[in-house]
Structures are given as C-alpha cells and as structure tokens.
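Have a look at the structure below, then the notes.
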Amino acid sequence: MTQNDLYARPTQAEIEAVMSEARQLRAAHVAGVFRAVARKLRGLTVGGKASAAA
C-alpha cells in the first residue's frame, strides 16, 4: 500500500456526516450566544436598574 492509499479522498457519505456535525455544532453555538445575550438583557432589565443607570 502506498502512502497515497492511506490518505484517500473521503466518500460523499463521510463528507455529509462531517458537514452535518458541523451544522449541529454551529447551531448549538449560535443558540448559546442568544441565550447568553438574553440572560444579560434580563439581568439589566429585572434586577440591574442601578447597573443599567450607571
């Protein structure tokens, strides 16, 4: 087996699996960012009147 045989091109199924996982990770990251922003905004409007005015 030559060196090139060890590093063959991935199959279409492998590419789709990797891309699917990447989409899931990106969606989870975006959702986490939105949750963090919402948490921060809630903190400013609910109990953080002094810190919001400062």
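The values are calculated or read from the model by the stated rules, or taken from the named source; none is laboratory data. Because the structure is a prediction, the values reported are computed rather than measured. Just the protein is used for accessible areas: all its heavy atoms, side chains included, with ligands, DNA and RNA removed. Shrake-Rupley method; radii C 1.70, N 1.55, O 1.52, S 1.80 Å.
Details
- Nearest-10 value in Å² for the accessible area of R39, using the 1.4 Å probe: 150
- Subtracting the Cα-Cα distance of I15 and H29 from 0.36 nm times their residue separation leaves 2.9 nm of extension gain.
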